[in-house]
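All remarks here apply to the structure that follows.
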Amino acid sequence: MARVTHSLLACFCAGALFLVPGSVMGEAVQAGPDGASASLRIRIVVPSVMRVLENSHPAQMDPVVDGDWSAEQRLVVVSNMKRGFCVTLRMSTPEVEAWRLQTEQSGGITLNAVSDGYRLCTPRAGRYTLLLRHEFEAAGKNTNASLRWPVQTDITAL
């Protein structure tokens, strides 16, 4: 009895294959005299992403020496931009007369002074952790006041 059931099941499966709609098999059957060819192009578009994971710095700084201030800024950016990105740092307060910025320039990272601050650029996509050391010189040397964070940070894709 098991043998008969097995044979019936095999016949049923073979018969089901004949019931497959003709449209599925149409392309394989309808070949012209010159032969048929087909191509399929798949294009995957990955959207450009630039994400600031961290931009930490003190909200307020107390004067260190002669009314001057110094602080460290940690900037973590992830980007899939092929040509990288640039960070423009600008002074946003008149209480600062001079400003110096230092960072490690490895892996193609460049730091250049521009007319209104600094421009730090990366050459390619990736995750970057930038440790920026700022030194601010007070406009009035006799000031012993605290200073709110004076740097505006803008990021631009290349």
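A few comments on the model shown:
- Taking the conditions (1) open to solvent by 100 Å² or more (accessible area, probe 1.4 Å); (2) under 30 Å from Met91 (Cβ atoms); (3) modelled with pLDDT under 85; (4) not aliphatic (A, V, I, L, M) in turn, Glu27 satisfies each one other than (2).
- Any hit, the stretch 92-102, residues being without any contact (Cβ under 8 Å) to a residue 40 or more places away in the chain, among the hydroxyl-bearing types (Ser, Thr, Tyr) and part of a loop (DSSP other than H, G, I, E, B): no
- For the stretch 132-158, the tally of residues that are part of a loop (DSSP other than H, G, I, E, B), over 21 Å from Pro58 (Cβ atoms) and modelled with pLDDT of 85 or more stands at 0.
- Scanning the stretch 103-131 for residues being on the phi < 0 side of the Ramachandran plot and assigned to a strand (DSSP E or B) gives a total of 14.
- Ala138 fulfils the conditions (1) open to solvent by less than 20 Å² (accessible area, probe 1.4 Å); (2) in contact with a Ser or Thr (Cβ under 7 Å, 6 or more places away or on another chain); (3) of a type in the set (Gly, Ala, Ser) except for a single criterion, (2).
- Condition check for Arg83: assigned to a loop (DSSP other than H, G, I, E, B), open to solvent by 70 Å² or more (accessible area, probe 1.4 Å) and modelled with pLDDT of 90 or more: yes
- From Val114, Val78, residue being surrounded by 13 or more Cβ atoms within 10 Å (Cβ to Cβ) and within 25 Å of Ala59 (Cα to Cα): Val78
- Total residues in the stretch 43-74, condition within 13 Å of the chain's Cα centre (by Cα) and in a strand (DSSP E or B): 5
- Only a single item in (1) closer than 17 Å to Gly84 by Cα; (2) without any contact (Cβ under 8 Å) to a residue 24 or more places away in the chain is not met by Ala113, and it is number (1).
The values are calculated or read from the model by the stated rules, or taken from the named source; none is laboratory data. Predicted, not measured: the structure shown is a model, and the values here were computed from it. Positions of Cβ are generated from backbone atoms using ideal geometry, with glycine treated the same way; all protein chains shown enter the neighbour counts. Heavy atoms of the whole protein, side chains included, go into the accessibility calculation; ligands, DNA and RNA do not. Shrake-Rupley method; radii C 1.70, N 1.55, O 1.52, S 1.80 Å.
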